[in-house]
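Notes for the one structure printed next.
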Amino acid sequence: MPLENKRSNRFNLKTYIVLEAFNADSIHTIKIDINKKVFFEKALTKNHKHNLEILDYFDFREPGLNNIEITWTGEQESADKFIKIYKIIINDQYIAPHSVMITPLRNEYINNLLTTQDGIKSYRKKILNPGNQHGWYGRYKFKFSVDANEIKKNTVEQIIDSTGIEFQNIYSDVERQNYDRKVN
């Protein structure tokens, strides 16, 4: 088989996402984009726990920085709602659910929270130490690089050096996977 044919599928990686969502009062929607392409989208019924296991292949096309963005929205706010992000696995390698960057959708509750010092502290604590369970509609973004050692122009290293943020690396070659994050 010619080398180009082997490389054409090289970055078509198995992607597995497990999450749970609930809203007692309204229909709500989960949309997952990978690199701004829709990977999954589903409207969920109210007052029912939805366990979602999404397993599919996604073509990351080439080495580089990538984003998974989970957008959670609903018809109305509810005090009794949550989304739990249990697993994000790409090519049998974990991306830690607590490494999420959260952008809550602004609503009356968020606006009121940001009017007091205690509210601002609570908001920042949740943004900076998110865990895996969330109660705010919004965007939940994960950044990682695929085959960082093959990226042209050390752009990822420059980003890491300038911000101090460390991205997860996913390898297309199974032999290069880190055993501490490899799925058994």
Scanning region 167-181 residue by residue, those of a type outside the set (A, V, I, L, M, F, W, C), modelled with pLDDT under 75 and surrounded by 15 or more Cβ atoms within 10 Å (Cβ to Cβ) turn out to be 168, 169, 177, 181
Being in contact with a Lys or Arg (Cβ under 8 Å, 6 or more places away or on another chain) and farther than 30 Å from residue 10 by Cα is the filter; apply it to region 82-104 and report the residue that is surrounded by the fewest Cβ atoms within 10 Å (Cβ to Cβ).
-> 103
If you scan region 123-142, which residues turn out to be in contact with a Ser or Thr (Cβ under 8 Å, 6 or more places away or on another chain) and of a type outside the set (Phe, Trp, Tyr)?
-> 138, 139, 141
Counting just the residues of region 60-73 that are at pLDDT 95 or above and either in contact with a Pro (Cβ under 9 Å, 6 or more places away or on another chain) or not hydroxyl-bearing (Ser, Thr, Tyr) (or both), which one comes out nearest to residue 138 (Cα to Cα)?
-> 72
What is the one condition in (1) surrounded by 15 or more Cβ atoms within 10 Å (Cβ to Cβ); (2) among the charged types (D, E, K, R); (3) farther than 20 Å from residue 101 by Cα; (4) free of Cβ contacts under 8 Å to residues at least 40 places away in the same chain that residue 33 does not satisfy?
-> (3)
Has region 5-12 got any residue that is within 25 Å of residue 171 (Cα to Cα), touching a residue at least 12 places away in the same chain (Cβ under 8 Å) and within 16 Å of the chain's Cα centre (by Cα)?
-> no
Considering only residues that are in a strand (DSSP E or B) and charged (D, E, K, R), look in region 34-76 and name the one that is nearest to residue 130 (Cα to Cα).
-> 69
Can you find a residue in region 137-145 that is at pLDDT below 70, under 18 Å from the mean Cα position of the chain (by Cα), surrounded by 12 or more Cβ atoms within 10 Å (Cβ to Cβ) and not in a helix (DSSP H, G or I)?
-> no
Residue under evaluation residue 102, criteria (1) in contact with a Pro (Cβ under 9 Å, 6 or more places away or on another chain); (2) modelled with pLDDT under 95; (3) under 30 Å from residue 174 (Cβ atoms), criterion not met = (3)
Is at least one residue of region 77-85 of a type in the set (A, V, I, L, M, F, W, C) and outside any strand (DSSP E or B)?
-> yes
With respect to residue 26, determine if the residue is touching a residue at least 40 places away in the same chain (Cβ under 8 Å), out of contact with any Phe, Trp or Tyr (no Cβ under 8 Å at 6 or more places or on another chain) and surrounded by fewer than 18 Cβ atoms within 10 Å (Cβ to Cβ).
-> yes
Looking at region 68-81, which of its residues are within 30 Å of residue 13 (Cα to Cα) and buried (at least 16 other Cβ atoms within 10 Å of the Cβ)?
-> 68, 69, 70, 71, 72
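The values are calculated or read from the model by the stated rules, or taken from the named source; none is laboratory data. Since the model is a prediction, treat every value here as computed from it, not as a measurement. Counting neighbours? That spans all protein chains shown, and the Cβs are built from the backbone with ideal geometry, glycine included.
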